[in-house]
1. Residues of the range B:273-309 being more than 10 Å from ligand 4 (Cβ to nearest atom), among the polar types (S, T, N, Q) and in a loop (DSSP other than H, G, I, E, B), which ones?
2. Of all the residues that make up the range B:295-326, how many are closer than 22 Å to B:Glu95 by Cα, modelled with pLDDT under 95 and facing chain A (nearest Cβ under 7 Å)?
3. Report yes if some residue within the range B:83-91 is within 14 Å of chain A (Cβ to nearest Cβ), among the small types (Gly, Ala, Ser) and at positive phi; otherwise report no.
4. Looking only at the range A:44-65, which residues are open to solvent by 50 Å² or more (accessible area, probe 1.4 Å) and modelled with pLDDT of 80 or more?
5. Could you check the range B:94-149 for strands (runs of 3 or more DSSP E) lying wholly inside it with 2 or more residues that are in contact with a Phe, Trp or Tyr (Cβ under 8 Å, 6 or more places away or on another chain), within 14 Å of another protein chain (Cβ to nearest Cβ) and open to solvent by 20 Å² or more (accessible area, probe 1.4 Å)?
6. Only one residue in B:Gly210, B:Gly206 is assigned by TED's automatic domain parsing to the domain that holds B:Ser165 and open to solvent by 10 Å² or more (accessible area, probe 1.4 Å). Which one?
7. Just to check your reading of the model, which residue among A:Ala195, A:Ala240, A:Ala183, A:Ala165 is out of contact with any Phe, Trp or Tyr (no Cβ under 6 Å at 6 or more places or on another chain), free of Cβ contacts under 8 Å to residues at least 60 places away in the same chain and over 17 Å from A:Gly95 (Cα atoms)?
8. When you go through (1) out of contact with any Lys or Arg (no Cβ under 6 Å at 6 or more places or on another chain); (2) closer than 18 Å to A:Leu122 by Cβ one by one for A:Ser81, which number turns out not to apply?
Amino acid sequence: MPAQRKKPKVAVWKFASCDGCQLSLLDCEDELLAVADAIDIANFPEASRAFEKGPYDISLVEGSITTPHDEERIHRVRRMSRVLITIGACATAGGIQALRNFQDVEEFISAVYASPQYISTLSHSTAIADHVPVDFELRGCPINKFQLVEVINAFLNGRKPNTPAYSTCIECKRRGTVCVTVAHGTPCLGPVTHAGCGAICPSYNRGCYGCYGPMESPNTASMSGVWSKLGVDRDGLVRAFRGFNAFAEPFRRESEAHERD
Amino acid sequence: MDATRRGIQTEIVLAATDLDRLLLALKETGYRVYGPTVEDQAIVYGELDTAADLPRGWTDEQDGGIYRLKKRDDAAFFGFAVGPHSWKKYLFPPEVKLWSAHAKAKGFEIEEETANPQKMAFLGVRACELAALGIQDRVFLQGSFVDPVYRSRRDGLFVVAVNCSVAGGTCFCVSMNTGPKAESGFDLSLTEVLKNGDHYFLVSAGSEPGREMLARLPQRPAETEHRQSAAAVVENTAAHMGRTLNTEGLPSLLAGNLDHPRWDEVAKRCLTCANCTMVCPTCFCSTVEDVTDLSGDHAERWRKWDSCFTMEFSYIAQGSLRSSARSRYRQWMTHKLSTWHDQFGSSGCVGCGRCITWCPEGIDITEEAKAIREAPQKTGGKP
Ligand code: SF4
Ligand code: SF4
Ligand code: SF4
Ligand code: SF4
């Protein structure tokens, strides 16, 4: 047998998010026992109230930074973690809550809350990497559980994770799906979207929604051209690029380019 | 021909209603039969059980970035052009496990994949696809290294070609000298004829296994009239190519225009999505991914289709060598039309038109070549 390793201590942290990405870890039914066997889960609020103090070998961070308190907390997490991996669109791009970044937050607060003075929030929802150095970003809304296991696995075995940054189209073609844009005239963000989900939506005859954010060399302007030819108007383009990864730089720029003043 | 002298037919006429006899004969001889079938509003390749699985009465309209399945007003079995799939998916699978390794008390043990797939028969291989098959044979089998994955699938493959009865909107096999008639490289070839209420196939054998298969079909000899009708079908197709490409001096023309401003223009449109390379029947690039399980005791190596449009493809110590869309599009097009000649002694393009149809932005390799030819920076260069 190979030398018995000391089990690495892993913590899962939640910032502004829906918990969906953390749940992906619980969703690893088949792999869960192996995961529990290979790592010591020291902090995982979605699964258990047990809490072990740091430092941690790996921290998995879900969620974006939206409050002054979280802005501080992420620095504490970073200090306690040897490796910090962000998981999901919130943590890697600000998430759907980054839609606030395009609006006046003060205005919302006074409209929504009876006592706005109790609300302490930032004007922007931002990615973890905007605040602290991040060792690896795992994309997706939600992340793909197989990719999560792959990333943990790669870090445990000291190798590079297989999470390619090319287009979703490559996954789509490998599985033999008929292109929804070419054959059906359905707008699809696959060409500008980071691979990772396995091109699920086109396999159900839907266009890609861009859940995994921008791919390595996204030509968003040309993508908008394709969508326009398919009959999508400017408002439609703004909405398309303003999804879960609205504040990822290439998508942000593209949605702003189509905004009417 | 020997066989003809011995009185064995090498060419027969098969009634359209008897097409199932061919599928049956193939299956009885132990083949799994693959061919065109309708799925998700396109004609793709899949496993066929009977002739009813074929896209009978369907055709397609194709243009840059556009494919539409349409009803025909007759009951032709093969009245369409090539679709998004190519046969390479069976011989050079998109994802395949190469080997796995298991940790032992000392070191590890490697277990090679002994994939021994059932013999395959391809039904409905077009002339351009036969040419592509020949090109991939050269790449995978005829160099210094033989690819065992391709070898095991290619050996014993039975090829039923179909001479094209319609030209697709993006086809240009005539320019590439690869079609529309299948000249060699098949076991059987079919030409579908629908004329004056008659519907039949002219079936020709192109190999010994082909002649044996032919002998299992109803023996109705082909007459001059059948041959003439079949020839007319192919001639008509040749006269209706959707695209043309002037190949004269093309390899050196492109080699001499690597800094042409046209590359910048196409780069503005190119999504670097890699669809063109995925659908191209001659593209052969792959990457390998190593995976481990959580214990680290078990590892696997997988091979997956890759493309020169990805950053990782040209990744070296300092980063990606081809970081711009310009350099990536140029790599693709010059490989197909220029450097392929140096590497393999032929063009890397067979004129099937897939890269044009299945490019979401409708970038057209024939248009790009034409633009450079019309305003070259240099007239030639070292190929
Ligand atoms: S369906 Fe979407 S992801 Fe798939 S190839 Fe077409 S554009 Fe790309
Ligand atoms: S380059 Fe385009 S037209 Fe030529 S063989 Fe490849 S896919 Fe077909
Ligand atoms: S064009 Fe690109 S993907 Fe295709 S064979 Fe050449 S290098 Fe490979
Ligand atoms: S030429 Fe078309 S299919 Fe090929 S990478 Fe560019 S946009 Fe994609």
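The values are calculated or read from the model by the stated rules, or taken from the named source; none is laboratory data. Treat the numbers as computed from the prediction; the structure is a model and nothing was measured. Heads up, the Cβs are rebuilt from the backbone with ideal geometry, glycines too, and the neighbour counts pull from every protein chain shown. The protein model used for the area step is the full one, side chains on, heavy atoms only, and it has no ligands, DNA or RNA in it. Shrake-Rupley method; radii C 1.70, N 1.55, O 1.52, S 1.80 Å.
1. So in the range B:273-309, the residues more than 10 Å from ligand 4 (Cβ to nearest atom) come out as B:281-306.
With among the polar types (S, T, N, Q) added as a condition, the list becomes B:282, B:286-287, B:292, B:295.
Within the range B:273-309, B:Thr282, B:Ser295 qualify.
2. The qualifying residues number 2.
3. Pass one, the range B:83-91, residues within 14 Å of chain A (Cβ to nearest Cβ): B:83-90.
Within this subset, residues satisfying the condition of being among the small types (Gly, Ala, Ser) are B:83, B:86.
The next check asks that each one be at positive phi; those that pass are none.
Within the range B:83-91, not a single residue is within 14 Å of chain A (Cβ to nearest Cβ), among the small types (Gly, Ala, Ser) and at positive phi.
4. Result: A:Glu52, A:Lys53, A:Pro55.
5. B:95-103
6. After ruling out the rest, the residue left standing is B:Gly206.
7. Numbers: A:Ala195 fails: out of contact with any Phe, Trp or Tyr (no Cβ under 6 Å at 6 or more places or on another chain); A:Ala240 fails: over 17 Å from A:Gly95 (Cα atoms); A:Ala183 fails: out of contact with any Phe, Trp or Tyr (no Cβ under 6 Å at 6 or more places or on another chain).
Sole residue among the options that is out of contact with any Phe, Trp or Tyr (no Cβ under 6 Å at 6 or more places or on another chain), free of Cβ contacts under 8 Å to residues at least 60 places away in the same chain and over 17 Å from A:Gly95 (Cα atoms): A:Ala165.
8. Single failed check for A:Ser81: (2).
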